[in-house]
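What follows is a single structure, written as structure tokens, with notes after it.
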Number of protein chains: 2
Amino acid sequence: MPEQPQVTLDDVAQAAGVSPATASRVLNGATQVRADLRDRVLEAAGRLAYTPNPHARALARASSPAVGVICHDIGDPYFAGIARGVMRTAAEEGLQVILGSTFREREREVAYVSMMRGQRVRAILLIGSGFEDRPWQKAMQGELAPYIAAGGRVAAVSRHQGLRVDTVLPENREGAAALAGALLALGHRDFAVLTGPASLTTVVDRLGGFKNALAEAGVTLAPDQIVEGAFTRDGGYEAATELLRRGLRATCVFALTDVMAVGALTALREHGLAVPADVSLAGFDDIPIVVDLTPPLTTFRLPLEDLGRRVMAMALQPARARSRTDRVLGEVVLRESTAPPARPAGWSPAPPAERISQ
Amino acid sequence: MPEQPQVTLDDVAQAAGVSPATASRVLNGATQVRADLRDRVLEAAGRLAYTPNPHARALARASSPAVGVICHDIGDPYFAGIARGVMRTAAEEGLQVILGSTFREREREVAYVSMMRGQRVRAILLIGSGFEDRPWQKAMQGELAPYIAAGGRVAAVSRHQGLRVDTVLPENREGAAALAGALLALGHRDFAVLTGPASLTTVVDRLGGFKNALAEAGVTLAPDQIVEGAFTRDGGYEAATELLRRGLRATCVFALTDVMAVGALTALREHGLAVPADVSLAGFDDIPIVVDLTPPLTTFRLPLEDLGRRVMAMALQPARARSRTDRVLGEVVLRESTAPPARPAGWSPAPPAERISQ
DNA sequence: CTGAAAGCGCTTACAG
DNA sequence: CTGAAAGCGCTTACAG
């Protein structure tokens, strides 16, 4: 490994016959430098293929052009979609992105924040759901507070209880309620829900919104028709399987995420149930793939890439006295995976099911 | 923004009543330090919540614990899957990952390498397909060579022509050939191919392998049955639509990636064609979702996450005199999207279609 | 406008 | 085993 000495600012300065200070100024776009000096510096830098050492720069400037992005699983289409938006804005702004993927272990999230804080990133983006977990919130806030106090920026997607951070808040509660409304309008009265870990704020919000809307319509959700699974494709598959084992009494199944719905669809199919003929199925998020399922999935659309762009944009804005919340609208998208129930139980006509915008 | 002064090594040393050198040694796990001093340092560091400044460290050590990872689109399940594997190994090794997503603009790939090189990352991982593009290869090699000469490590997934880099090589050519064999064994003689940009080495390899295998079986592929599209879901949708516009004469359609196959499946369905009753469809990669399609997709499975782990592992090994290539096996996975042709044209029985392993 | 000098926070030979 | 000192490569007041 023939370690090659790196070309340094001093080399450039020397080659150009100026001081390092002047070379630095030129290379940083200072305009108050004599034209001929500037040219010599630029020429020398080009000839020597000079690349500034970002660590030296970060050290001297006490700031770096990097942002940290933490998600639960970069292999998950939901996070991949948001990350895509983040990368877009990062590229436009010339920022580096340091990625953290926790594999859904929440302690790793704290560890990543600690690492990125040490790294002196300009901003930290939390794009995974928050946790309803007091000790975790304490630990996280313990990392975040000093970082923010030192001038760091933090922005999150979804509700992060207990953390004082700027937030891009997708309409989880309202969206689930709107979806419930649309499914009720279709004539459903018997629902099952495939839910995720109860400690996720996203689960709380979506499940809460859905249940509330049902309750307001006088519809109750039987406890045994709520099945918890992992927030993954396999989690959806297994939750649906468990639901069938318990005995499916619902005419419509709501999976809290599209990813879970995808697994559920296969489980239903494997058990000989046709969607929507035998049972309707709805998801949440509108990840890219669900329009290609058979049948295409009814869902609540979240603009994933836009979520990513927004959270990045928010992090790049200066901090305010109190943390801000940007609500992001979504919309119910009715597709073929939902239809009026085959066996409406004492059902009276409902208003037509249109696309309900929020 | 009340900029808080950061706790420095000197603070720790002072609090512990030792020199910065000693504090540094303790914090870096040196064993040859008197126990009581070590304890005092550790205590002070803990009490002050000291975090070393990685930039200072990188500057002093002339190396940083970061690796750069460049893909074409982090929103694409293929790359998201590989990235997942990369993140796994990175976490295990305590490495930071700087992510680059080029949005399929090849110049951005060079720009990212340049940036990461400047960043003094330990290694650069190219996980996107290579390009059959001489000027691009020159530009890329121009960035890579000095980086490597300076001790940097580079590893790639897929064939990167013109770049002297260690490679994790999925069996694109052999895989496509094996898939062709399996489809021939099913009785197909009339094929169509939905291909991607011809400048991608992955396209060249998969298309070449597929065609070759057909040729060896005495089957030719009509030029008008080969349609090029973008390497995306929409590219697959559009290519399939164009194929139908031209007149589908094939009994089996091969999409060069699962992502394209997903779009193609929807296009076929929208045009009233049943898969596999009217036409068989096969993809490549075995991204997580395709098992949940209706019908589940026949494909050539690549162990995506493993690809990511391997390329990372390779980059962490010391460089060798000549670049290495790790071939990664895959396997044909026959699912319900392929079946014997509905109208076998002068067809003689073929050997039974089993799962053909490579 | 330009340069000498100090400083960013850490590591590591080099003496003791 | 421990510490004083130099150095990593850059930036930025501070003088001129």
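Key figures for this structure:
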| read-out | value |
| --- | --- |
| Residue match in the stretch A:75-84 (condition: more than 16 Å from DNA strand C (Cβ to nearest atom), among the basic types (Lys, Arg), within 9 Å of chain B (Cβ to nearest Cβ) and in contact (Cβ under 8 Å) with a residue 12 or more places away in the chain) | yes |
| Identity of the residue in the stretch B:27-62, hydroxyl-bearing (Ser, Thr, Tyr) and surrounded by 15 or more Cβ atoms within 10 Å (Cβ to Cβ), that ends up farthest from B:Val121 (Cα to Cα) | B:Tyr50 |
| Condition met for B:Ser24 (crowded, with 17+ Cβ neighbours inside 10 Å and among the polar types (S, T, N, Q)) | yes |
| Subset tally (residues that are under 28 Å from B:Leu95 (Cβ atoms), more than 7 Å from DNA strand C (Cβ to nearest atom) and among the charged types (D, E, K, R)) for the stretch B:12-60 | 1 |
| Residues satisfying the stated conditions in the stretch A:61-74, i.e. within 9 Å of DNA strand C (Cβ to nearest atom) and either at the interface with chain B (Cβ under 9 Å from one of its Cβ atoms) or closer than 16 Å to A:Met116 by Cβ (or both) | A:Ala62 |
| Residues satisfying the stated conditions in the stretch A:1-19, i.e. more than 14 Å from chain B (Cβ to nearest Cβ) and more than 10 Å from DNA strand D (Cβ to nearest atom) | A:Gln14, A:Ala15, A:Ala16, A:Gly17, A:Val18 |
| Some residue of the stretch B:168-181 being in contact (Cβ under 8 Å) with a residue 40 or more places away in the chain, more than 27 Å from A:Ala111 (Cα to Cα) and either among the aromatic types (Phe, Trp, Tyr) or within 14 Å of chain A (Cβ to nearest Cβ) (or both) | no |
| Number of the condition not met by A:Thr201 [criteria: (1) surrounded by fewer than 24 Cβ atoms within 10 Å (Cβ to Cβ); (2) closer than 28 Å to A:Pro276 by Cβ] | (2) |
| The stretch A:20-72 - residue that is more than 16 Å from DNA strand D (Cβ to nearest atom) and touching a residue at least 40 places away in the same chain (Cβ under 8 Å) and, of those, nearest to A:Ala111 (Cα to Cα) | A:Ile70 |
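Conditions tested, residue by residue: (1) closer than 19 Å to B:Glu132 by Cα; (2) assigned to a helix (DSSP H, G or I).
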position: B:Leu214; (1), (2): no, yes
position: B:Thr220; (1), (2): no, no
position: B:Phe231; (1), (2): yes, no
position: B:Tyr237; (1), (2): no, yes
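Every residue, every condition in (1) modelled with pLDDT of 95 or more; (2) more than 19 Å from A:Pro77 (Cα to Cα); (3) assigned to a loop (DSSP other than H, G, I, E, B); (4) facing chain A (nearest Cβ under 10 Å), yes or no:
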{"residue": "B:Val253", "(1), (2), (3), (4)": "yes, yes, no, no"}
{"residue": "B:Ala261", "(1), (2), (3), (4)": "yes, no, no, yes"}
{"residue": "B:Leu268", "(1), (2), (3), (4)": "yes, yes, no, no"}
{"residue": "B:Gly272", "(1), (2), (3), (4)": "yes, yes, yes, no"}
{"residue": "B:Asp278", "(1), (2), (3), (4)": "yes, yes, yes, no"}
{"residue": "B:Val290", "(1), (2), (3), (4)": "yes, no, no, yes"}
{"residue": "B:Phe300", "(1), (2), (3), (4)": "yes, yes, no, no"}
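The values are calculated or read from the model by the stated rules, or taken from the named source; none is laboratory data. What you see is a predicted model; the values in this text were computed from it and never measured. Every residue, glycine as well, gets a Cβ built from its backbone with ideal geometry; the counts of neighbours run over all protein chains shown.
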